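As structure tokens, the structure follows; a few thoughts come after it.
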Amino acid sequence: MKAKGEKVDFIVPEKTPVIVNPVSLVQDGPNPDGGKALIDYLLSKEGQQTLANWYHIPISKEVESKTPLTLEKVIPHAQELDVDWVVQNYDRVRNEWRQKFQ
């Protein structure tokens, strides 16, 4: 939208959650070779470019982010996430935001 002339910008709050998209291989899973191939793809330049095209922040220095955000800009603002709190409050917070913005 900024490229179209809108007066918007990315601002990273001093403390912000950084949500990662983890990937793992399940022990004794039905297709370990397929799982390893997926992980290899996601970590490859091509896979990182695919994720960047979806506005994810790439971890590869060879891939340019589609946003002005980079790991270097975000990591200093990352705060520890209390997963237990998230689990206990997820529905309540989601419903509050839905009521405000629907």
If we ask which residues in the range 61-71 are over 14 Å from the mean Cα position of the chain (by Cα) and more than 22 Å from Met1 (Cβ to Cβ), their number turns out to be 3
Filter result for the condition that a residue is on the phi > 0 side of the Ramachandran plot and charged (D, E, K, R), over Asp28, Asp82, Asp33: Asp28
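Do we have Pro76 as in contact with a helix residue (DSSP H, G or I) (Cβ under 7 Å, 6 or more places away or on another chain) and under 24 Å from Phe10 (Cα atoms) here?
When the stated conditions are applied, Pro76 does not pass them.
Each reported figure results from applying straightforward, stated rules to the coordinates on display, with no laboratory input. None of these values were measured; they are calculated from a predicted model. Note that each Cβ is placed from the backbone with ideal geometry, even for glycine, and that neighbours are counted across all protein chains shown.
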